[in-house]
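The values are calculated or read from the model by the stated rules, or taken from the named source; none is laboratory data. Everything quoted here is computed from the prediction, not taken from an experiment. Positions of Cβ are backbone-derived with ideal geometry, glycine not excepted, and every protein chain shown enters the neighbour counts.
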Amino acid sequence: MPRLLIAFLAVAACWAVPPVIEVDTPRPAPTWAVMQRRLIAVMNRAGEAFVERYTNRDGSLIWKERYEGGMNSSDDAYEAFRGFSLLYVMGGSPELDRLHRRVWDGITRQFTRYGQIYREFDGNWDWMHHGEGYTSFYPMGMADPFDTRFRDRAIRFAAMYTGEDPEARNYDPQRKLMRASMTGSRGPKMEWTTRDWIPTNANLAYYHLPYDDIPGVTSSVGWINDDAFATIVSVMSRRMARGDVPINMTAVPLVANAYLYTGDEKYIRWTRDYIGSWIALTEQNGGITPDNVGLSGRIGEYMDGNWWGGYYGWKWPRGGMDVVRAALTAAKAAYLLTGESSWLDLPRSQMRVLQRNTRSEKGVPHVAMRYDQRGWHHYQPEPAFPWVQLWYMSGSEDDRREIARLADVRGAQAGDDPDLGWMLFLDGKNPGYPEQTLRRDLANVERKLRRILNEHGDPETWVDSHWSSLDPVPCEALVRLTLGGLPVDLRGGMLHARLRYFDADAESPGLPEDVAALVTGIEPDSVTVELVNTSLFEHRSLYVQGGAYGEHLIASVETGGRTTAVNEPLMRVGLAPGAGAVLKIRLKRFAARPAYSFPWRRS
C-alpha cells in the first residue's frame with residue numbers, strides 16, 4: 001500500500017488552505033507518462049519553430065502587403081495558434097503563451113491594416129468563423145487572468161454582443177436576439193454585396209446552391225460566373241442577411257469569457273436571456289430550432305414563413321449539425337455559468353429531431369442532415385460527438401446509452417472514432433488508447449515540423465489557411481488524457497474539463513516539469529486520475545483543481561485505501577522522485593463560482 005502523508009493546514013483568509021497529499025511510493029514510469037512528457041517537450045520546441053518561421057518580429061504573419069479578402073477575415077490566422085496558450089495551461093512552456101500574445105497583437109494590427117479588423121475585432125463576419133478564430137482567445141484568460149490588455153479586450157468584445165457598445169448594435173436587448181447573421185465591431189451587416197463574398201465565392205462553387213429557386217441559376221458553378229454570382233448574392237442578402245440565426249449562439253462563450261475575468265452577473269443574465277429566446281423559438285416551432293428569425297422576432301420573416309433556409313441552417317451549407325453544434329457550444333457555456341443542466345435540453349432535442357428522420361445503411365444509422373421544400377434528405381452516419389458532449393456535461397444515463405448504442409453499431413470500428421475511442425477507454429475496453437493517441441500526435445507534430453523547417457513557398461501565393469494546416473501544437477489528446485476534458489470545439493468552443501493543474505512550487509499554470517497525468521475514469525460525481533513523477537531526482541508539488549475554472553468542489557479524494565475529505569475547489573499533491581499514485585476524486589460538480597484565477601491569488 002502506498003505510504004501517504006496527509007496534512008491539514010490552517011484556514012486562510014478566503015479559502016481554507018487545501019489538504020496536502022504526499023505520495024512517496026516509487027514506481028516505474030509507465031510508457032504513457034514518458035510519451036506524454038515527450039509530446040509536451042516536442043510541441044514546446046515545434047511551436048517556437050513555427051513562430052520563428054512564419055511571423056515577423058512584431059508578431060505579424062510573413063504574408064502579403066495587401067489582402068483583398070472581402071468579409072473573409074482573420075479567423076484562420078488566429079486559429080493557427082490556438083494550442084499555444086492552452087498547452088501552457090496544461091503544462092507547456094510559458095514561452096508559448098508569451099509568443100501567442102505577441103502574435104495575437106501582430107495579427108490584429110496586420111488585419112486592421114488589411115481592413116478586416118476594426119477596433120481589434122473582426123468588422124463583419126459570421127459566428128462560424130468568429131468562433132474558429134476566438135478559440136485561441138479564451139485560453140489566454142486561463143494562462144494569465146491578470147493581463148489587463150486581454151482582460152479589457154474580453155470586456156470590450158463581449159459588449160459588442162450584449163447591446164452595450166453603441167457602435168456595434170448587434171444585439172436587440174428588447175427581443176433578446178441578434179440583428180443579423182453577419183456581425184462584428186462595425187455592427188450588424190444588413191445587406192450583402194458581391195464584394196463581400198470575394199474570394200469566398202470560389203470555395204462555395206464546391207457546395208450546393210443555397211436555394212433552388214434563384215432566377216437563372218441552376219448550378220453552383222454560378223458562384224464563379226459574374227452575372228449569376230450577383231444574382232445569388234442578391235437573393236441570399238434578401239433572405240439571409242437580416243435577423244438571427246442559430247450559428248450566432250456560438251457567441252455565448254465570448255460573453256462567458258468576460259464573466260470569467262470579471263464575475264459580473266450581467267453576463268449571466270444575458271446568457272439566460274439569449275439562449276432562452278432560442279428555447280422559446282424552438283418550442284414555438286414544434287420542437288425544431290428554426291434557422292431564421294426576422295428583426296420582428298417572427299420565424300421565417302424573410303423566407304415566406306419557412307423555418308428553414310437561414311444562414312448556416314438546416315439547408316445550407318452543411319445542414320442540421322451546424323444547428324446542433326452551435327446549440328451545444330452555447331448550452332455548455334450556460335451550464336458553466338449557471339450550474340443548471342437544463343440548457344442541455346436544447347441541443348439534445350435537436351439530436352432527437354435528427355433521430356426521428358433515420359434510415360439504416362448496412363446496419364449503420366444515417367440521419368437526415370438537411371431540410372427544405374423536399375423534406376428531410378442528405379443522410380449521413382449519426383455522429384457520436386454530440387452524445388459524448390451531452391453525457392460529459394450531464395452525466396445522464398440516457399445520454400450514456402446513446403453512446404453505447406453507437407459504439408455497438410460500429411463494432412470493431414468504434415475505436416477509430418476519436419470520441420468513441422476515448423469513451424471505450426474510460427469504460428476499460430480500449431486499454432491501448434493513451435499510447436495510441438500520444439504516438440499519433442507525436443507523428444503528426446514531427447510531420448508538420450519537417451514541413452515547417454523545409455518551407456520554401458512564396459508568402460504572396462499562400463492562402464489564409466496556410467498556417468492553420470501546419471499548426472504543430474495539437475491539444476485534443478492532452479485535454480482528454482490529462483484533464484479528463486472535452487477537446488475545445490474548433491468552431492468556437494471553450495474548454496470544459498473535470499480537472500486542472502498548477503505547479504505549486506513555481507506558482508504557474510499546468511503540470512509541473514516531469515509530472516504526467518492520465519484520467520482513467522469519469523463518472524457523474526467522480527474522476528479517477530493517475531499522477532506520476534517521471535523524475536528520479538526532483539520532488540514535484542502540484543495543485544489539483546476541480547474543473548477548468550474551479551467550478552467543481554472536490555468533496556474527497558481516495559488513494560492507497562484512505563479517503564480524505566477536502567470540500568474545496570482544489571487540493572495539493574506532493575510527488576516524491578519516481579513516485580506515483582491513482583487518485584479517485586469525488587466532485588460536487590458546478591457547485592462553485594467559475595473564474596479565471598490562480599490558487600495562490602484567488603479570493
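Count of the range 521-534 residues, restricted to those that are more than 20 Å from Arg38 (Cα to Cα) and either surrounded by 24 or more Cβ atoms within 10 Å (Cβ to Cβ) or touching a residue at least 60 places away in the same chain (Cβ under 8 Å) (or both), is 7. When you look at Gly411, is it outside any helix (DSSP H, G or I), loosely packed, with under 13 Cβ neighbours inside 10 Å and not assigned by TED's automatic domain parsing to the domain that holds Ser469, yes or no? In short, no.
Where helices (runs of 4 or more DSSP H) fall wholly inside the range 135-237, the ranges with 1 or more residues that are hydroxyl-bearing (Ser, Thr, Tyr) and on the phi < 0 side of the Ramachandran plot are 148-162, 200-204. The residues listed here are Arg66, Arg102, Arg119, Arg82; of these, the one that is of a type outside the set (A, V, I, L, M, F, W, C), under 30 Å from Ala504 (Cβ atoms) and out of contact with any strand residue (DSSP E or B) (no Cβ under 9 Å at 6 or more places or on another chain) is Arg82. Counting only residues that are at negative phi and among the charged types (D, E, K, R), which one in the range 490-519 is surrounded by the most Cβ atoms within 10 Å (Cβ to Cβ)? Among residues in the range 490-519 that are at negative phi and among the charged types (D, E, K, R), the one surrounded by the most Cβ atoms within 10 Å (Cβ to Cβ) is Arg500.
Going residue by residue through the range 540-558, is there one that turns out to be of a type in the set (Phe, Trp, Tyr), closer than 15 Å to Asp503 by Cα and modelled with pLDDT of 95 or more? It would help to see each step written out before you state the result.
Within the range 540-558, the first condition is being of a type in the set (Phe, Trp, Tyr), and the residues that meet it are 543, 549.
Now restrict to residues that are closer than 15 Å to Asp503 by Cα: 543.
Now drop any that are not modelled with pLDDT of 95 or more, which leaves 543.
Checking the range 540-558: at least one residue is of a type in the set (Phe, Trp, Tyr), closer than 15 Å to Asp503 by Cα and modelled with pLDDT of 95 or more.
Once the range 275-302 is narrowed to residues that are touching a Lys or Arg at 6+ places or on another chain (Cβ under 9 Å) and of a type in the set (S, T, N, Q), the residue that is surrounded by the fewest Cβ atoms within 10 Å (Cβ to Cβ) is Ser296.
Listed here are the residues, each with its yes/no results for (1) part of a helix (DSSP H, G or I); (2) free of Cβ contacts under 8 Å to residues at least 12 places away in the same chain; (3) closer than 23 Å to Trp32 by Cα.
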{"position": "Leu390", "(1), (2), (3)": "yes, no, no"}
{"position": "Arg405", "(1), (2), (3)": "yes, yes, no"}
{"position": "Met423", "(1), (2), (3)": "yes, no, yes"}
{"position": "Thr437", "(1), (2), (3)": "yes, no, yes"}
{"position": "Asp441", "(1), (2), (3)": "yes, no, yes"}
{"position": "Asn444", "(1), (2), (3)": "yes, no, yes"}
{"position": "Leu449", "(1), (2), (3)": "yes, no, yes"}
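Do the conditions hold for Arg45, that is, is it over 17 Å from Asp105 (Cα atoms) and part of a helix (DSSP H, G or I)? Yes, satisfied. For the range 231-248, the condition of being in contact with a Phe, Trp or Tyr (Cβ under 7 Å, 6 or more places away or on another chain) and over 29 Å from Lys176 (Cβ atoms) holds for at least one residue.
Just to be sure I understand, how many residues within the range 109-129 are assigned to a helix (DSSP H, G or I) and either farther than 22 Å from Val255 by Cβ or out of contact with any helix residue (DSSP H, G or I) (no Cβ under 8 Å at 6 or more places or on another chain) (or both)?
The total comes to 6.
For the range 292-311, which positions are out of contact with any Asp or Glu (no Cβ under 9 Å at 6 or more places or on another chain) and over 21 Å from Asp212 (Cβ atoms)? Passing the criteria: Ser296, Arg298. The criterion of being without any contact (Cβ under 8 Å) to a residue 60 or more places away in the chain, touching a Ser or Thr at 6+ places or on another chain (Cβ under 7 Å) and surrounded by fewer than 22 Cβ atoms within 10 Å (Cβ to Cβ) does not hold for Ala228. At least 1 residues being of a type in the set (Gly, Ala, Ser) and touching a strand residue (DSSP E or B) at 6+ places or on another chain (Cβ under 6 Å) is the threshold, and among the strands (runs of 3 or more DSSP E) wholly inside the range 298-386 those reaching it are 364-372. The single condition from (1) in a helix (DSSP H, G or I); (2) in contact with a helix residue (DSSP H, G or I) (Cβ under 6 Å, 6 or more places away or on another chain) that Val532 fails is (1). Checked against (1) outside the structural domain of Ser465 (by TED's automatic domain parsing); (2) surrounded by fewer than 18 Cβ atoms within 10 Å (Cβ to Cβ), Tyr118 passes all but a single condition, namely (1).
Kindly evaluate Arg589 against the criterion of being among the charged types (D, E, K, R), crowded, with 19+ Cβ neighbours inside 10 Å and more than 22 Å from the chain's Cα centre (by Cα). No. The set of residues in the range 535-550 that are surrounded by fewer than 18 Cβ atoms within 10 Å (Cβ to Cβ) and either under 23 Å from the mean Cα position of the chain (by Cα) or farther than 23 Å from Val17 by Cα (or both) comprises Leu536, Phe537, Glu538.
Taken over the range 53-96, the residue count meeting the criterion of being among the polar types (S, T, N, Q), buried (at least 19 other Cβ atoms within 10 Å of the Cβ) and assigned to a loop (DSSP other than H, G, I, E, B) is 5.
Condition (residue is hydrophobic (A, V, I, L, M, F, W, C) and closer than 13 Å to Asn248 by Cβ) applied to the range 138-158: is it met by at least one residue?
Checking the range 138-158: not a single residue is hydrophobic (A, V, I, L, M, F, W, C) and closer than 13 Å to Asn248 by Cβ.
Return the residues of the range 560-579 that are farther than 30 Å from Glu340 by Cβ and buried (at least 24 other Cβ atoms within 10 Å of the Cβ); say none if nothing qualifies. Correct list: Val573, Leu575.
Residues of the range 103-115 that are of a type outside the set (Lys, Arg) and surrounded by fewer than 22 Cβ atoms within 10 Å (Cβ to Cβ): Asp105, Gly106, Thr108, Thr112, Tyr114, Gly115.
Criterion applied to Gly106, Gly59 was being touching a helix residue (DSSP H, G or I) at 6+ places or on another chain (Cβ under 7 Å) and at pLDDT 95 or above, and the one residue passing it is Gly59.
Condition check for Val463 on (1) under 26 Å from Leu587 (Cβ atoms); (2) part of a loop (DSSP other than H, G, I, E, B): one failure, at (1).
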